[in-house]
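Worksheet: one structure, shown below.
What follows is calculated from the coordinates using simple rules that are stated; it is not laboratory data. This one's a predicted model, so the numbers in the text were calculated from it and none came from an experiment. Quick reminder, even Gly has a Cβ in these numbers, built from the backbone with ideal geometry, and neighbours come from all protein chains shown.
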Amino acid sequence: MSATPEEPRTQAGACCGQARTNGPAAAIVLSAGIGSATLGIAVVLSTASESVKNLLNWWNPTGPLAGKTSVGVIAWIVSWAILHSVWRRREVAFRRLWIVAAALVALGFAGTFPPIFEAFAPH
C-alpha cells in the first residue's frame, strides 16, 4: 500500500505521527545474546557440578539437556520482554549493542563446544 496525500509517512512503515525507533530490534538482538550465553553457561555448569546437572534434569529421557535448553529459552524470553518494555520507544546505540550481543553469542557457542565444557568436567 502506498502513501497517499491523506496518509503522510516520515519513514517506511511509520504512521499516525509516530517515528520509528530501533529499540524493539535492539531488544531482540541483545536478548538473543543473553539467551545464548545462558545456554553456554548452563552447559559448562552442568558439566562441572553434579548438583547443577541434577537440578537441570527436568525430564529423565533427555537428562539435563531439557533443563539447559529451557533455561536458555527462559532467559531469552524474559530478557526480551524486559528490554522491549524499556526500549520500545527509544533509539539505542545499535553498534555497541551489536558488539555486546555478538560477544554473548560467541560465549554461548564456546560454552557448548565440547573441548571447552569438557575442560570443566571433574576428573
For the chain, state the average projected area of the convex hull of the C-alpha atoms over all orientations, rounded to one decimal in nm². 10.6 nm²
If amide H atoms are built 1.01 Å from N in the plane of the peptide, which residues on other chains or at least 5 residues away come under 5 Å of the amide H of Leu56? none
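Taking the Cα centre of the chain as origin, sum charge times position over the Cβ atoms of Lys and Arg (+1) and Asp and Glu (-1), and report the length of that vector in debye to the nearest 20. Please list the in-between numbers first.
Working: 9 positive and 5 negative charges, 56 e Å.
Roughly 260 debye for the chain.
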How large is ³J(HN,Hα) for each residue in region 35-42, as worked out from phi by the Karplus curve 6.51 cos²θ - 1.76 cosθ + 1.60 (θ = phi - 60°), to whole Hz, x for Gly and Pro? x, 5, 5, 4, 4, x, 5, 5
GluC sites (Glu not before Pro) in region 27-123 lying in a DSSP loop, each with at most 14 other Cβ atoms within 10 Å of its Cβ, come to Glu91
Place +1 on the Cβ of every Lys and Arg and -1 on the Cβ of every Asp and Glu in the chain, take the dipole about the Cα centre, and give the residue among Ala101, Gly23, Thr47 whose Cα lies farthest towards its positive end. Gly23
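What percent does the relative contact order of the chain come to when contacts are Cα pairs within less than 8 Å and at least six residues apart?
Working: 169 pairs, mean separation 48.4, N = 123.
Relative contact order of the chain: 39 percent.
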